[in-house]
Amino acid sequence: MIIEPNRLTAGSLREECGIFGIYNHPEAAVITYLGLYSIQHRGQESAGIVTSDGERLHQHRAMGEVREVFPEEIIAELKGNIAIGHVRYSTTGTSILANAQPIKADSLHGSMAVAHNGNLLNALYLREELEQAGAIFHSTSDSEVILHLISHSRKEDTLEAFIDALSRLKGAFSLVACTEDTLIAARDPYGFRPLCIGRLDGTVVVASESCVFDIVGGSFERDVEPGEVLVMNRRGMESVKPFPEKPHSLCVFEYIYFSSPASVVDGKSVYEVRKRLGSILAKDFPADADMVVPVPDSSNVAALGYAQGSGIPFEFGLIRSHYIGRTFIEPVQRIRDFGSKLKYNAVPRILSGKRVVVVDDSIVRGTTSGKIINMLRRAGAEEVHLRISSPIITHPCFYGIDTPTREELIGSSSSVEEIARYTGADSLAYQSMSGLREAVGEGAEAHCYACFCGEYPLEIPPDVGKEALEGIFRRSKMF
Ligand code: SF4
């Protein structure tokens, strides 16, 4: 039986997807490969690239990480100087090759491909409407809906058809698309998911995160604004804002967990926000301890902030393995325990006899925290004080982050004391909402905090629960 570690360790939130696009570069496929490599943390289930040589589109996508999916000979076949790419962790649709992106189709507007990061609240409604109009879907991914909407648009001009399609979407979308001669990038009017542009060798690069420029070279220019559509073709780059203005609502979890600390998202350094989360936590919820230990890697910077804020020494008491492949063979039973053990090693020489503050970025079901605390105790830690750099997660996300249902979120039904008992921590404290806003700093109100408070910036239709989404996809022709 082949199983996937990220399913085994599903006690944490999962990144959604990462996208990349480049216009008019002689090595478009290679640069896109490197760009995807640098945002691999946003999704490891599948990867894909579509290029255009000016006459036709070339596509390759497969299950697995970027380095597995794109050997040199495949990259060599992806000809052309326009490219878009995608790394995926599924939030809707199942984990199958048909759902890997970019998704490509031929239509009245010519060949077109789309790579999408986010989650569409009305995808199921649109899908049923399109199926009634004769559309045949090849995947269960809501991103395919976008392609069908474009091809069903009555607008003759490709850009107008594209905008016509996007104006029907409700939900979170940052996306890149290409035709034979054009690259398009767009961000939904709320700006839930990040998207930025930069320059490389005089050409335009679009990416989920600015950290790509460390790998591919070039320079970060600016964030794509919420509601902005950018079109790059031989006439140059054009920016339009065709949608009604909405309150900006960047996912605050981009700072807490999803984005690389090397990135700047909507003008803020992820590293700096994350470090402030730790130092505010130390000020508000001190602990009498000998060392501060992060749950690596996503909590490293917050733990550093806690250590510096409290004056308690920072130690890597847990080491994360970076060499676990995407899949492995199940050994025996207790699969979930095995997954956690593979991911972390405790360091007894560091931990033995010590009072430890362990800093993590979030608690979802509570199972992972319990295993980590157990691991620290087995390595000799005398006391374990758990500090969480985000507030209590009480509500699921409908904008592209894979969270369990409300009932499965331990924070929705248990008190902090009950969660401390469940995880085995000697003490437990979460970031306060005011602490989170203080760490985000200027413009803190222009973010989504819905999973902590239930105030969704874009109304969730009553029939759009996780089960409803999955139910309709199960009913679809794919199954
Ligand atoms: S609900 Fe939570 S995870 Fe989802 S977009 Fe809002 S802040 Fe981000």
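Taken together, the values in this text are just the output of simple stated rules run on the coordinates, not laboratory data. All figures in this text were calculated on a predicted structure; none of them were measured in a lab. Don't worry about glycine lacking a Cβ; one is built from the backbone with ideal geometry, like all the others, and counts go over all protein chains shown.
For the range 2-249, the alpha carbon convex hull comes to 123 Å³ per residue, rounded to a whole number. Per the Kirkwood formula applied to alpha carbons, the range 189-269 shows a radius of gyration over Rh ratio, Rg over Rh, of 0.98.
Which whole-number percent is the relative contact order of the range 271-453 (Cα, under 8 Å, 6+ apart)?
On the way: 343 pairs, mean separation 40.3, N = 183.
Relative contact order here is 22 percent.
For an R0 of 22 angstrom, estimate the FRET efficiency from the Cβ-Cβ distance between Glu445 and Ser269 and round to the nearest 0.05. Computed FRET efficiency for Glu445 and Ser269: 0.70.
Extension gain for Glu129 to Glu459 (0.36 nm times residue separation, less C-alpha to C-alpha distance): 116.7 nm. Spatially, the range 17-87 and the range 426-446 are offset by 37 Å when compared through their Cα centroids. Placing unit charges on the Cβ atoms of the charged side chains and taking the dipole of the range 2-249 about its Cα centre, the candidate lying farthest along the positive direction among Ser249, Ala133, Pro26 is Ser249. Across the options Ser412, Thr367, Ser321, the greatest Cα extent toward the positive end of the charge dipole of the range 271-453 (unit charges at beta carbon of Lys, Arg, Asp, Glu) belongs to Ser321.
With respect to the chain, whose longest principal axis is taken over its alpha-carbon atoms, helix 123-132 is tilted by about 30°. A full extension of the chain between Ile215 and Arg168 corresponds to an added length of 13.4 nm, given 0.36 nm per residue minus the alpha carbon distance. Placing a label point 7 Å from the Cα of Ala98 along the Cα-to-Cβ direction, the residues of the range 148-167 whose backbone N falls under 18 Å from that point are 148-149. Loop-located trypsin sites (Lys or Arg not before Pro) across the range 140-194 with a Cβ neighbour count of 12 or fewer within 10 Å are Arg154, with loop assigned by DSSP.
Which whole-number percent is the relative contact order of the chain (Cα, under 8 Å, 6+ apart)? It would help to have the intermediate numbers written out before the result.
Values: 1127 pairs, mean separation 71.1, N = 479.
Relative contact order for the chain comes out at 15 percent.
Taking R0 as 25 Å, what's the FRET efficiency between Gln308 and Arg406 from their Cβ-Cβ distance, rounded to 0.05? The calculated FRET efficiency here is 0.10. With a cut-off of 8 Å between alpha carbons and a minimum separation of six or more residues, what is the relative contact order of the range 82-150 in percent? The normalised contact order for the range 82-150 reaches 36 percent. Bridges between two residues of the range 271-453, per DSSP, are antiparallel at a rate of about 15%.
Please give the calculated 222 nm ellipticity per residue for the chain, where each DSSP H segment of at least 4 residues contributes -39500 (n - 2.57) and the sum is spread over every residue; nearest 500 deg cm²/dmol? Walk me through the numbers before you get to the answer.
On the way: 18 runs with 144 residues, N = 479.
Calculated at 222 nm, the ellipticity per residue is -8000 deg cm²/dmol.
By the count of other C-beta atoms within 10 Å, a proxy for reagent exposure, His322, His60 are ordered fewest to most as His322, His60. Here the chain is treated with +1 on each Lys and Arg Cβ and -1 on each Asp and Glu Cβ, and its dipole about the Cα centre works out to around 1080 debye.
I'd like the GluC sites (Glu not before Pro) in the range 189-290 restricted to DSSP loop residues with at most 11 other Cβ atoms within 10 Å, sorted by number.
Details: sites: Glu209, Glu221, Glu228, Glu238, Glu245, Glu254, Glu272; in loops: Glu209, Glu228, Glu245.
Qualifying residues, ordered by number: Glu245.
Where the alpha-carbon atoms of the range 271-453 are placed on the principal axes, they occupy 47, 38, 32 Å, in descending order. Its alpha carbons considered, the chain gives a radius of gyration followed by a Dmax of 22.3, 72 Å. For the range 193-239, the list of trypsin sites (Lys or Arg not before Pro) that fall in a loop by DSSP and count at most 11 other C-beta atoms within 10 angstrom reads Arg234, Arg235.
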